[in-house]
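S.K.: Following this message is one structure expressed as structure tokens.
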Amino acid sequence: GFAFFWLVYYRAFFLNPILFYPHLENFLPSPFSLVGAQEWIARFLSVFNDPVDLSLGALAAFFFMIGVAALYRKNKRICLQLVAPLLLTLLAAAVRRYPFSGRFLIFLVPALLVGIAAGFERLIKAGKVGPLVAGILLIAVWGRPLAMTLRHTVTPRSTAEMRPLMRYLKEHQRDGDLIYINNDAQYGFSYYARYFKMRSLPRVAGVLLESDYTGRTGVPVMIFEPSRNRYLKVGGWNKVSPLEEPSDAPQGSLAGAGRTWVLFAQLPPATERTFLNYLNEGGTRIGERTCYNASLFLYDLKSSKR
């Protein structure tokens, strides 16, 4: 089991600086100091907000601790099986071998929910809270996930319909064309490029550099030839100054790019307008197609001075 884990995840994570370094802050400090102990408590409480996604994380943690104590008195072996993954993960984070945050902790969610439920059961059976108070506490803790469930029931999560756009791209692409792909479009593009047996195009895969990486909020960047770590800057924005050009962001040029396809999928309308406004200033739009949650544009950027 450990060998499989090493080959599939652990080795790839720690040998890839792109994956490893953004999560340095998600390791835990030594708990043998006041600041370290406070950080451990804060990070433990944060788990009940993300990834468990409960409304009141501290209250959920309180019920979890009551539940663990109740299970320990009832069946020590089951209690140990419940909390062992959490304790081992905390230890791994303390020795800087596993990030203690967000999606890295999804595997802990079932155990945490069992502990919370055991805590509720213990309080109710002990007569510490009445039915009305118990109902209020349930709504207080589970309000957010219940609201999210109802919202997605009424408005289900959507997908991007890229197939017609990729068929159109195959029929109209020319040798020498460049294609820009926003981050969420790269997987659909790769699939349909193989499905339609398309000719290879110089590809630009997009990323969004968040404030964790640049110190700013929302810097959209185009990556050109990712294997060589060459970047093509398209424009940035933040809450203070739209289309700000941060000096420390990767830079590049669109000048003389010629025929350039731009494929967007699941991109917020405001973000799409930001990109298109930038391209409209330096080039000529000569074609476009739209489908559900996906758009394809063709620009002539020969005269672009960007």
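The values are calculated or read from the model by the stated rules, or taken from the named source; none is laboratory data. Just so it is clear, the model here is predicted, and its values are computed rather than measured. Every residue, glycine as well, gets a Cβ built from its backbone with ideal geometry; the counts of neighbours run over all protein chains shown. We work out accessible area using only protein heavy atoms, side chains counted, and drop any ligands, DNA or RNA first. Shrake-Rupley method; radii C 1.70, N 1.55, O 1.52, S 1.80 Å.
S.K.: So how many residues does the stretch 168-194 have that are among the acidic types (D, E) and under 16 Å from D300 (Cα atoms)?
M.R.: Total satisfying the criteria: 2.
S.K.: Pairs under 8 Å by beta carbon, first residue free of Cβ contacts under 8 Å to residues at least 24 places away in the same chain and over 17 Å from Y98 (Cα atoms) in the stretch 74-87, partner in a helix (DSSP H, G or I) and not basic (K, R), six or more apart or different chains?
M.R.: I78/L71; C79/V68; C79/L71; C79/Y72
S.K.: Name every residue in the stretch 128-182 that is touching a residue at least 40 places away in the same chain (Cβ under 8 Å), assigned to a loop (DSSP other than H, G, I, E, B) and closer than 20 Å to Y292 by Cα, in order of residue number.
M.R.: S158, T159, A160, E161, M162, N182
S.K.: Give me a count of the residues in the stretch 86-141 that are closer than 14 Å to V68 by Cα and among the aromatic types (F, W, Y).
M.R.: 1
S.K.: Among the residues of the stretch 90-104, what is the count of those that are crowded, with 19+ Cβ neighbours inside 10 Å, of a type outside the set (F, W, Y) and touching a helix residue (DSSP H, G or I) at 6+ places or on another chain (Cβ under 7 Å)?
M.R.: 1
S.K.: So which of F107, F63, F120 ends up being in contact (Cβ under 8 Å) with a residue 60 or more places away in the chain and at negative phi?
M.R.: After applying the criteria, what remains is F63.
S.K.: Could you check A42 against (1) hydrophobic (A, V, I, L, M, F, W, C); (2) closer than 30 Å to L146 by Cβ; (3) more than 18 Å from the chain's Cα centre (by Cα); (4) open to solvent by 80 Å² or more (accessible area, probe 1.4 Å) and say which number it fails?
M.R.: That leaves (4) as the condition not met.
S.K.: For F120, all conditions in the list (1) under 24 Å from W40 (Cβ atoms); (2) in contact with a Gly (Cβ under 8 Å, 6 or more places away or on another chain); (3) open to solvent by less than 30 Å² (accessible area, probe 1.4 Å) hold save one; what is the number of the exception?
M.R.: All conditions pass for F120, except number (1).
S.K.: Just for the stretch 13-32: of the residues that are out of contact with any helix residue (DSSP H, G or I) (no Cβ under 9 Å at 6 or more places or on another chain) and modelled with pLDDT of 70 or more, which one is most open to solvent (accessible area, probe 1.4 Å)?
M.R.: Filtering first and then ranking leaves F32.
S.K.: I'm checking my understanding of the structure. Among residues of the stretch 264-279 that are of a type outside the set (G, A, S) and either closer than 15 Å to T159 by Cα or open to solvent by 70 Å² or more (accessible area, probe 1.4 Å) (or both), which one is modelled with the highest pLDDT?
M.R.: F264
S.K.: Listed residues E288, E272; which is part of a strand (DSSP E or B) and without any contact (Cβ under 8 Å) to a residue 24 or more places away in the chain?
M.R.: After applying the criteria, what remains is E288.
S.K.: If you don't mind, another one. Please determine, by comparing only the residues of the stretch 182-196 that are crowded, with 17+ Cβ neighbours inside 10 Å and at pLDDT 80 or above, which one is nearest to A265 (Cα to Cα).
M.R.: Top of the filtered list is A185.
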